[in-house]
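Read-outs throughout are calculated quantities, based only on the coordinates presented, and are distinct from any laboratory measurement. Note that the structure is predicted; figures quoted are calculated from it, not measured. Don't worry about glycine lacking a Cβ; one is built from the backbone with ideal geometry, like all the others, and counts go over all protein chains shown.
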Amino acid sequence: MTSSDRKQKLPLIVAASVFLISALASFMSGNFTFAFLNLAMALLNFVALRFIERMPERTNALIHLANAVLAFFTAYDFFRAGKKGLPYAWLIAGLVFTIAFIIFLRKQPQITN
């Protein structure tokens, strides 16, 4: 695995791991909706690892957008549940995913007619 491959794949693996842990925690707390959503996002991150070589910027941009949306929803759910520190961690994660989305979106080649 080259350095470039690691740069592209490592964030997907980390995000998948975080969403998988969140899915397990949501499942154990009885919040099955967020457990399913987090599990689906973890699987989506793992699936994106297979397609990253074909279209790295587009795959990264789309997966980071989806990660950002779910991170913000997870933060909202934790705020609603009255948690103290976790919502802020998820807000920061959502902001990081949003910034990554913008960066990868700018790297995409422009389509001209």
So how tilted is helix 3-29 from the main axis of the chain? Cα-based, degrees 0 to 90, rounded to 10.
20
Diagonalise the Cα gyration tensor of the stretch 24-69 and give the resulting equivalent ellipsoid semi-axes, square root of 5 times each eigenvalue, largest first, whole Å.
26, 10, 5
Candidates per trypsin sites (Lys or Arg not before Pro) in the stretch 1-72, loop by DSSP, up to 11 other Cβ within 10 Å
54
On a 0 to 90 degree scale, rounded to 10, what angle separates helix 32-51 from the longest Cα axis of the chain?
20
Between the alpha-carbon centers of the stretch 77-92 and the stretch 28-58, tell me the distance in whole angstrom.
20
Degrees, to the nearest 10: 56-81 long Cα axis against longest axis of the chain
10
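Can you tell me the length gained on complete extension of the stretch residue 99 to residue 53, counting 0.36 nm per residue apart and subtracting the Cα distance? Provide the component values of the computation, followed by the final result.
Working: separation 46, 0.36 × 46 = 16.56 nm, distance 2.14 nm.
Extending this stretch completely gives an extra 14.4 nm.
Using helices alone, what [θ] at 222 nm do you get for the chain, with -39,500 (n - 2.57) per DSSP H run of 4 or more residues, divided over all residues and rounded to the nearest 500? Don't jump to the answer; show the numbers that get you there.
Numbers: 4 runs with 95 residues, N = 113.
When only DSSP H runs of four or more count, the value is -29500 deg cm²/dmol.
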For the chain, just the Cα set please: Rg and Dmax, both in angstrom.
14.9, 52
